Structure formats: structure tokens, C-alpha cells
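Below is one structure, written out as C-alpha cells; the observations come after it.
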Amino acid sequence: MSEPTPAARATDRLIELMTRLRAPGGCPWDREQTPASLKPQMLEECYEVLDAIDSGSREHLTEELGDLLLHVVFQAELAREKGDFTFADVANGIADKLVRRHPHVFGDKTVEGAAGVVTLWNELKKEEKPERSSALDGVPRALPALMRAEALQKKAHQVGFDWPDALGSLAKVREEMAEVLAEIEADFAEEGEGAANPVGDGSSKPPVSPRTAEELGDLLFAVVNLTRHLQLDAEALLTTANDKFARRFRAVEAAFQAAGQDMKAQPLEKLDAAWNQVKAQETKS
């Protein structure tokens, strides 16, 4: 019999540690946890893995992958205690699925490139899950909204329900934008603000109707569709925009602090001028 591999020994050690933490006399916090109570931490660990990938740090990624693996082991231990399944069931289940979904590697199927692999994977997945009656089944509702929008659109694309190209999607964005503007103008006109300048000063809640909120949602969905047609990732684009805003805002903040001025006390025109100066400096560099 061959010796266990380093990976097998490390996995066994981790499972044994988790069992010990959950056992009588183990860790009080670990013993209190349930599958549901661990959900927020597990989601947080997923995002920390993504941050580690972006950081390019091997050490950081190694650590964060370990934290995520701990949650897989934790959930499996909770299930083992109830007699539902074990970590071995989880590992064997995904291994069996990989073999089953890769007949072009482990069988006699032939595919053309990565696109062919995706098509074959989806066909096999459909055969394995006959209970799914809709093309949209399998998209988790718990996904972040931008990611879920893209996933739903990709599912619809697979059955031909999609614009033929980015231009069709762009036209839809323009259509939705026009509807948003019309609804906002109507909202402010009803409040006596007038349709010419439907912009509040932030001192009170604007009179936004449910219809306006709905149209804004449709606009966001259409923008995601456009990014998908352009082969871009909406979640990544918004993350980049968030980072850019935070970076520029902190630079504006630092400028006022260096001048000994209270940012809250400055008029919008001065804040906007400072923002444009930071933006111009970034553009030059």
C-alpha cells in the first residue's frame, strides 16, 4: 500500500482538528455553530479569496484559501454529526462529477476548444438535472445582484433569448434610460419641482415613485446586458469604479485636511473643483 500523499495527510489533519473543536471539551464557539450561522463568514471568506487573487500575493492567497477550506470542512463536520454526509462524500462527489463532465478527457468524446467544453458541460448538466424545467433554473438568488443578472442573461442566451450583438443591447440601454428620465421628471413635476431640473439638493427625500424605482432597476439590468455583450464583467467594472471613487475621494479629503479646512463646510462648487483637480492629476500620471 502506498503512503498517503502530503495533501491527504494535511486534509486528514484538518478534519481531525475540526472534529476535536466540535467535540465535548472543545471550543465553545465552534460547538455553537450551525450551517446557517456560518453562512456570513463563509461568504466573507469567498470575497477575501478574491481580494487575495487580485493582490498577487502567494502567501495571502494560500492563507485565504485555507480559511475557505476550513468552512467546507466545518460544514461537512456538522453534516457528519447529523449522519447526513461526510467530507469524503463531498470530495468524492465533486471528483465523480469532474470525471462525468469531462468525457473528452476521461472518455471518448471530442470537443472543439474551450467553447465546445462549455457546451458539452451544459448539455451533461441538463441531463443530470431533469427536474429543472426552466432555462433559468440553477442561478442562485443569493448571488450579488450584478452577478445574478449576468448569470440569468447567459442562461437566456443559451436558448436564443438575447440581442444578436452589443448594438441591440446598447439600444435597450438608451430605451431604459429614456424611461427613467420620463418617470423622474413626472415624479418631480407632481411635487411642483418642475420637469426642467429634476434634481434634489439632498436635504430631503426626493418624491420617487415605485414606477421610477422599477425603471431604474431595468436600466441597471440593461447595462449589465451591454457589458456582457462587450465581453466585460459588470461586477469587476463596478469594483474598479468603486476603487477609483474611493481613491479620488480620499485625495480630495486629504487636500482639505492639509489646508486645515472642514470638508463638510465647503460649497459643492469647491468640492467639485477639488475633485476635478485630483482627476486631472491622475490623468497626467
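The values are calculated or read from the model by the stated rules, or taken from the named source; none is laboratory data. Keep in mind that what you see is a predicted model, and the values were worked out from it rather than measured. Positions of Cβ are generated from backbone atoms using ideal geometry, with glycine treated the same way; all protein chains shown enter the neighbour counts. Side chains included, ligands, DNA and RNA excluded: accessible areas come from the protein's heavy atoms. Shrake-Rupley method; radii C 1.70, N 1.55, O 1.52, S 1.80 Å.
Can you spot the aspartates and glutamates whose alpha carbon is less than 16 Å from Lys172's alpha carbon? Ignore those fewer than 8 places along the same chain.
Partners found: Glu150, Asp162, Glu214, Glu215, Asp218.
Which one of Gly66, Ala76, Phe106 is farthest out on the positive end of the charge dipole of the chain, using unit charges on Cβ (Lys, Arg +1; Asp, Glu -1) and the Cα centre as origin?
Toward the positive end, the furthest listed residue is Phe106.
With θ set to phi - 60° and the Karplus curve 6.51 cos²θ - 1.76 cosθ + 1.60, what are the ³J(HN,Hα) couplings of segment 218-228 in order, to the nearest whole Hz, using x for Gly and Pro?
With coefficients 6.51, -1.76 and 1.60, one gets 4, 5, 4, 4, 5, 5, 4, 4, 5, 4, 5 Hz.
Using +1 at the Cβ of each Lys and Arg and -1 at the Cβ of each Asp and Glu in the chain, identify which of Thr283, Ala149, Thr119 lies farthest towards the dipole's positive end.
Of the candidates, Thr119 comes out farthest on the positive side.
What is the dipole size for the chain, taken about its Cα centre, with +1 at each Lys and Arg Cβ and -1 at each Asp and Glu Cβ, in debye to the nearest 20?
On the way: 34 positive and 50 negative charges, 151 e Å.
Computed charge dipole of the chain: roughly 720 debye.
Give Lys129/Lys155; Lys97/Lys126; Lys126/Lys155; Lys82/Lys129; Lys39/Lys155 a once-over and call out the pairs whose C-alpha atoms are over 20 Å from each other. Provide the component values of the computation, followed by the final result.
Details: Lys129/Lys155 15 Å; Lys97/Lys126 13 Å; Lys126/Lys155 12 Å; Lys82/Lys129 26 Å; Lys39/Lys155 26 Å.
With Cα atoms farther than 20 Å apart: Lys82/Lys129; Lys39/Lys155.
Given a 1.4 Å probe, how much area per residue of the chain is accessible, in Å²?
Working: 20000 Å² over 285 residues.
Per residue, the chain has 70 Å² of solvent-accessible surface.
Residue by residue, what Karplus-based ³J(HN,Hα) values in Hz, rounded to whole numbers, does segment 233-250 have, using 6.51, -1.76 and 1.60 with θ = phi - 60° and x for Gly and Pro?
Using θ = phi - 60°, the values come out as 9, 4, 4, 5, 5, 5, 4, 5, 5, 4, 4, 5, 4, 4, 5, 5, 4, 5 Hz.
Which of the chymotrypsin sites (Phe, Trp or Tyr not before Pro) across segment 35-85 are loop residues per DSSP, with 14 or fewer other Cβ within 10 Å?
On the way: sites: Tyr47, Phe74, Phe85; in loops: Phe85.
Loop-located and lightly packed - Phe85.
Run down the lysines and flag those whose C-alpha is under 23 Å from the C-alpha of Lys279, throwing out any fewer than 8 positions away in its chain.
Output for Lys279: Lys244, Lys264, Lys270.
For segment 6-12, just list the computed ³J(HN,Hα) in residue order, Karplus coefficients 6.51, -1.76 and 1.60, θ = phi - 60°, integers in Hz, with x standing in for Gly and Pro.
Here the 3J(HN,Hα) series is x, 5, 5, 5, 5, 5, 4 Hz.
From the Cα gyration tensor of segment 227-285, with a ≥ b ≥ c the square roots of its eigenvalues, which class applies: rounded if a/c is under 1.5, or else prolate if a/b is larger than b/c, or else oblate?
Details: a/c = 2.92, a/b = 2.47, b/c = 1.18.
Prolate shape, in that a/c is at least 1.5 and a/b is the bigger ratio.
Figure the gain on full extension for Leu181 and Glu214 (residue separation times 0.36 nm, minus the Cα-Cα span) and round it to one decimal in nm. Walk me through the intermediate numbers first.
Working: separation 33, 0.36 × 33 = 11.88 nm, distance 1.24 nm.
Here the segment from Leu181 to Glu214 would lengthen by 10.6 nm.
Candidates [x] 24.7; [y] 21.7; [z] 20.7; which is the computed Kirkwood radius over Cα pairs in Å?
Matching the structure shown: [x].
Taking the alpha-carbon centroid of each part, what is the distance from segment 217-253 to segment 74-140 in angstrom?
Between the Cα centres of segment 217-253 and segment 74-140 lies a distance of 32 Å.
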